[in-house]
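Asker: Got a structure here, written out as structure tokens. Questions coming.
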Amino acid sequence: MRVKVRLFASFREAAGRSEVELELDEGCAVRDLITLLSEVIPGLSEKFDRGDALVAVNGAFAKPDKVLTDGDVVAVFPPVSGGGGKVGLFSELPSLSELIEAASPPSGEAGAIAIFLGVVRSSSEQGRVLRLEYEAYQEMALAEMEKIRQEAISKPGVKEVVIYHVLGARRPGDTVMMVAVASEHRAEAFETLAWVVNSVKNRVPIWKKEVTERGSRWIEEGRPEI
């Protein structure tokens with residue numbers, strides 16, 4: 001069988017190419033593909049040995065034992081993150097306790113921490129949702145998230161804001177966005193939380209493709225003010 005491998009970011013640079021097609025035996029899994037890539041592209045061997053690689057098959061994150069089939073498109077890329085701990089894009093979101101820790105100002109400065117978790121719904125007007133696929137212009141997205149954070153912190157009573165968003169494929173029930181706002185009182189925490197969530201949705205260049213039983217479509221919810 002034949003599969004196409006797409007290499008991103010540091011993996012593309014290490015390989016000196018962005019794509020490669022490989023012939024594999026039937027029943028080969030992701031771990032077998034990684035072994036073969038290390039052999040045919042020596043520049044990738046060290047990165048795989050360090051455990052730097054994330055792998056997606058046909059747009060969904062894949063574990064090492066995922067069995068490949070003819071025609072699969074496999075993406076290999078490093079973990080996505082950034083923003084110094086207060087804003088970030090992640091292949092796997094931090095835990096809720098890590099979010100709260102990041103949002104907690106020095107002792108006694110906040111009387112409330114309000115939290116929003118965005119979750120993939122199981123249905124839409126197109127039918128049953130199989131997954132959402134998130135993509136971003138990462139440098140611009142992180143910069144705009146930090147700008148939103150700074151604007152929010154400038155509001156009266158607000159002490160800290162944390163904004164995290166996922167990239168890649170997620171299924172119904174998965175968390176895709178985490179926002180926390182710490183403030184002196186609960187009223188400004190709730191008000192600012194809603195403002196931050198809406199600002200991220202309207203201003204940050206993160207896109208999602210909705211995949212349902214009827215097909216797929218990019219969700220484009222309007223042009224932000226520039």
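The values are calculated or read from the model by the stated rules, or taken from the named source; none is laboratory data. Because the structure is a prediction, the values reported are computed rather than measured. As a convention, Cβ positions derive from the backbone with ideal geometry for all residues, glycine included, and neighbour counts pool all protein chains shown.
Asker: Just checking, does segment 137-149 include any residue being within 11 Å of Val204 (Cα to Cα) and not in a helix (DSSP H, G or I)?
Answerer: Taking segment 137-149 first, the residues within 11 Å of Val204 (Cα to Cα) are 137-148.
Okay, now just the ones that are also not in a helix (DSSP H, G or I), so 137.
Yes, some residue in segment 137-149 is within 11 Å of Val204 (Cα to Cα) and not in a helix (DSSP H, G or I).
Asker: Suppose we filter segment 114-141 for residues that are within 22 Å of Ser104 (Cβ to Cβ) and not small (Gly, Ala, Ser); how many remain? Steps first, please.
Answerer: Residues of segment 114-141 within 22 Å of Ser104 (Cβ to Cβ): 114-118.
Checking the rest, the ones that are also not small (Gly, Ala, Ser) come to 115-117.
Of the residues in that region, 3 qualify.
To keep it simple, each residue is scored yes or no on (1) of a type outside the set (A, V, I, L, M, F, W, C); (2) more than 28 Å from Leu132 (Cβ to Cβ); (3) assigned to a strand (DSSP E or B); (4) not assigned by TED's automatic domain parsing to the domain that holds Val166.
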| position | (1), (2), (3), (4) |
| --- | --- |
| Arg31 | yes, no, no, yes |
| Ile34 | no, no, no, yes |
| Glu39 | yes, yes, no, yes |
| Gly43 | yes, yes, no, yes |
| Glu46 | yes, yes, no, yes |
| Gly51 | yes, no, no, yes |
| Ala56 | no, no, yes, yes |
| Asp65 | yes, no, no, yes |
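Asker: Ok, one more. Just to be sure, is Leu93 modelled with pLDDT of 85 or more and not assigned by TED's automatic domain parsing to the domain that holds His165? Reasoning before the result, please.
Answerer: Details: modelled with pLDDT of 85 or more: yes; not assigned by TED's automatic domain parsing to the domain that holds His165: no.
It is false that Leu93 is modelled with pLDDT of 85 or more and not assigned by TED's automatic domain parsing to the domain that holds His165.
Asker: Test of understanding: among Ala56, Ala60, Ala75, Ala112, which residue is in contact (Cβ under 8 Å) with a residue 24 or more places away in the chain and farther than 30 Å from Leu36 by Cβ?
Answerer: Working: Ala56 fails: farther than 30 Å from Leu36 by Cβ; Ala60 fails: farther than 30 Å from Leu36 by Cβ; Ala75 fails: farther than 30 Å from Leu36 by Cβ.
Every option except Ala112 fails the conditions.
Listed here are the residues, each with its yes/no results for (1) surrounded by 13 or more Cβ atoms within 10 Å (Cβ to Cβ); (2) at pLDDT below 90; (3) aliphatic (A, V, I, L, M).
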| residue | (1), (2), (3) |
| --- | --- |
| Lys47 | yes, yes, no |
| Gly51 | no, yes, no |
| Ala60 | yes, yes, yes |
| Lys66 | yes, no, no |
| Asp70 | no, no, no |
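Asker: Only one residue in Lys201, Lys209 is outside any loop (DSSP other than H, G, I, E, B), in contact with a Ser or Thr (Cβ under 7 Å, 6 or more places away or on another chain) and surrounded by 12 or more Cβ atoms within 10 Å (Cβ to Cβ). Which one?
Answerer: Working: Lys201 fails: in contact with a Ser or Thr (Cβ under 7 Å, 6 or more places away or on another chain).
The conditions single out Lys209.
Asker: While we're on this one: Which of the following residues is within 18 Å of Ala102 (Cβ to Cβ) and in the same structural domain as Arg131 (by TED's automatic domain parsing): Val179, Val211?
Answerer: On the way: Val211 fails: within 18 Å of Ala102 (Cβ to Cβ).
On inspection, the qualifying residue turns out to be Val179.
Asker: Identify, please: which residue in segment 1-16 is in contact (Cβ under 8 Å) with a residue 12 or more places away in the chain and not in a strand (DSSP E or B) and is, among those, surrounded by the fewest Cβ atoms within 10 Å (Cβ to Cβ)? Spell out how you get there, then give the answer.
Answerer: Applying the first criterion (in contact (Cβ under 8 Å) with a residue 12 or more places away in the chain) to segment 1-16 yields 1-11, 14-16.
Narrowing further to those that are not in a strand (DSSP E or B): 1, 8-11, 14-16.
Values: Met1: 14, Phe8: 15, Ala9: 13, Ser10: 14, Phe11: 25, Ala14: 18, Ala15: 20, Gly16: 9.
That would be Gly16.
Asker: Among the residues that make up segment 125-147, is at least one of them among the acidic types (Asp, Glu), over 18 Å from the mean Cα position of the chain (by Cα), modelled with pLDDT of 95 or more and at negative phi? Before the answer, list the steps.
Answerer: Going through segment 125-147, the residues among the acidic types (Asp, Glu) turn out to be 125, 133, 135, 139, 144, 146.
So of that shortlist, the ones also over 18 Å from the mean Cα position of the chain (by Cα) come out as 125.
Narrowing the set further to residues that are modelled with pLDDT of 95 or more leaves none.
Looking through segment 125-147, none of the residues is among the acidic types (Asp, Glu), over 18 Å from the mean Cα position of the chain (by Cα), modelled with pLDDT of 95 or more and at negative phi.
Asker: While we're on this one: Only residues in segment 139-156 that are of a type in the set (Lys, Arg) count as the first member; pair them with residues that are at pLDDT below 95 and part of a helix (DSSP H, G or I), Cβ under 9 angstrom, at least 6 apart or cross-chain, and list the lot.
Answerer: Sorted first by the residue in segment 139-156, then by its partner, the pairs are Lys147/Arg203.
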